[in-house]
Amino acid sequence: MTNVSFVRPAPSLRASLDMALWAVLLCLLVAGALASLVTGGRDDVGLAQLAGVFAGDAASSAEQTMRDIRLPRTLAAALLGVNLGLAGLLLQAVTRNPLASPTLLGINQGAALGIVLGLTVPAFAPVPGWVLASAFGMVAAGVTFAIAGLFSGRIDTMRLILGGVAVGAIGFSAVRLGYTLDDDIARDVVRWTVGDIADLRFPAALRLVAIAGPALVMAYLLAHRLNLMAMGHAASHGLGFDPRQTLFMGTGLAALLTGISISVAGPIAFVGLVTPHLARWAGGSDHRRLVPLVAMLGAMLTMWADALSKLWPQTEEIPVGIVIAILGAPWLLVVVLRRSRHAV
């Protein structure tokens, strides 16, 4: 009788690569958080001052700076990346368009218009800014999708992008009109529209937490529907899911994420475009993997951008939105050129 010994199989190559990927991303995420925390105008504020977070009134001046300024700013930067990255992933999935993002579909500009109306029109003054931003972001998304042919049952990719550009141009023109109404409001609006997070504190970070947690769960629950959307409307219908319902749910959640994020930090562009592409490159096309990947990559991008914004040469600090635009604009060009080459 032949003796057969059973050997535990080695982990698959895919599992090993997955573990390595998550380990690398986790290290980069932690490094980004630390870089965001230790950079700033005061040289005497570093990681050692984190020990004074719970010291209360006994905290030193440096510890108060870490607790009241840098820590909430870093947390807000991470959550903005999570929210905007998820919004971009949802929009790209439901439209089956890799160029879809809150900025290119006019949602950013619509939400910004809601904020400006709250500042300049007395009738809107009692309404919370996040409500106005979310509502006008959803209106902008609805107009863009209507232009693209939503109600005819078939969305045209080119009309979707052109509609988003048109809606965004109208929304931003209205925002710029608000500059002329009052000099004090104009200064506030101009600084807000560049995506500045320098003045964010814990109340703003908690508002972002309130939407980021539920949105992550909802996006993960939508992951199967999003996978079916990638196979086409016919496949989604055949498996019992109405693609139009998925479109409405995904777009509504993306507009809500964008609106609340914009109400806190202004219209930060390119996070929603770049992070889904990086996630697909690293983790494939399954949205059950992409949702957590995008959340991690979005947080990583915005925290590193926050650190870089405080290290810019020959200036005290520049807004995070500008840093992300500098990083994201070349990526948009690369995506467009790749699509053009593949289309030939």
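The values are calculated or read from the model by the stated rules, or taken from the named source; none is laboratory data. Quantities reported herein were computed from a predicted structural model and do not represent experimental measurements. For neighbour counting, all protein chains shown are included, and Cβ atoms are generated from backbone atoms with ideal geometry for every residue, glycine included. Accessible surface is based on the protein model in full, side chains and every heavy atom, while ligands, DNA and RNA are left aside. Shrake-Rupley method; radii C 1.70, N 1.55, O 1.52, S 1.80 Å.
Using the heavy atoms of the protein chains and a 1.4 angstrom probe, tell me the accessible area per residue for the chain in square angstrom. If you can, show how the numbers build up before the last one.
Details: 16910 Å² over 344 residues.
Heavy-atom SASA per residue in the chain reads 49 Å².
At a Förster distance of 45 Å, what's the computed FRET efficiency of residue 48 paired with residue 337, Cβ-Cβ distance as r, to 0.05? Mind dumping the intermediate values first?
On the way: r = 47 Å, r/R0 = 1.04.
My answer for the efficiency is 0.45.
With a 10 Å radius around each residue's Cβ, average the other Cβ atoms per peptide and rank 54-65, 316-327, highest first. Write down the numbers at each step before the final one.
Numbers: 54-65: 13.0, 316-327: 19.3.
Packing proxy ranking, top to bottom: 316-327, 54-65.
What fraction, in whole percent, of alpha-carbon pairs in region 55-124 exceed 19 Å separation?
59
Would you kindly give the portion of the calculated P(r) for region 100-141 that falls above 16 Å, as a percent of all Cα pairs? Numbers along the way, then the final one.
Numbers: 243 of 861 pairs.
Tail fraction, whole percent: 28.
Among 156, 286, what's the order by accessible area (1.4 angstrom probe), most exposed first? Before the final figure, lay out each step's value.
Numbers: 156 65, 286 45 Å².
Putting 156, 286 in descending order of accessible area: 156, 286.
Given a 1.4 Å probe and the protein chains all in place, what does the accessible area of residue 176 round to, in Å² to the nearest 10?
Using a 1.4 Å probe on the heavy atoms, I get roughly 140 Å².
What does the accessible area of residue 95 come to, in Å² to the nearest 10, when a probe of 1.4 Å is used?
Its accessible surface works out to 10 Å², give or take rounding.
Work out, in µm²/s and without decimals, the Stokes-Einstein translational diffusion coefficient of the chain at 10 °C, 1.306 mPa s, Rh from Kirkwood over C-alpha pairs.
75
Which helices, counted as full DSSP H runs in the chain, have an axial Cα extent of no less than 24 Å and a Kyte-Doolittle average of -0.5 or above?
Details: long enough: 13-38 (37 Å, 1.97); 71-95 (36 Å, 1.44); 129-148 (28 Å, 1.78); 157-179 (33 Å, 1.27); 202-221 (29 Å, 1.71); 243-265 (32 Å, 1.04); 287-309 (32 Å, 0.88); 320-343 (34 Å, 1.43).
Both cut-offs are met by 13-38, 71-95, 129-148, 157-179, 202-221, 243-265, 287-309, 320-343.
Just from its helices, what would the mean residue ellipticity at 222 nm be for the chain, if runs of 4 or more DSSP H residues each count -39500 (n - 2.57) and the sum is divided by every residue, rounded to the nearest 500 deg cm²/dmol? The partial results should precede the final answer.
Values: 14 runs with 241 residues, N = 344.
Helix-only estimate at 222 nm: -23500 deg cm²/dmol.
Please give, to one decimal in nm, the separation of the simple spin-label points placed at residue 327 and residue 224, each 7 Å out from Cα toward the Cβ.
Result: 3.5 nm between the two label points.
In square nanometres, what is one fourth of the surface area of the convex hull spanned by the alpha carbons of region 206-329?
8.4
Could you rank the peptides 246-259, 15-28, 209-222 by their average count of other C-beta atoms within 10 Å per residue, with the highest value first? Walk me through the numbers before you get to the answer.
Details: 246-259: 24.4, 15-28: 12.5, 209-222: 16.9.
Going by the mean number of other Cβ atoms within 10 Å, highest first, we get 246-259, 209-222, 15-28.
So what is the relative contact order of the chain, in percent, for Cα pairs below 8 Å that sit 6 or more residues apart? Present the calculation step by step, with values, prior to reporting the outcome.
Numbers: 546 pairs, mean separation 96.3, N = 344.
After rounding, I find 28 percent.
Which residue, 268, 161, 107, has the most motion in a Gaussian network model of the chain that connects Cα atoms within less than 10 Å?
161
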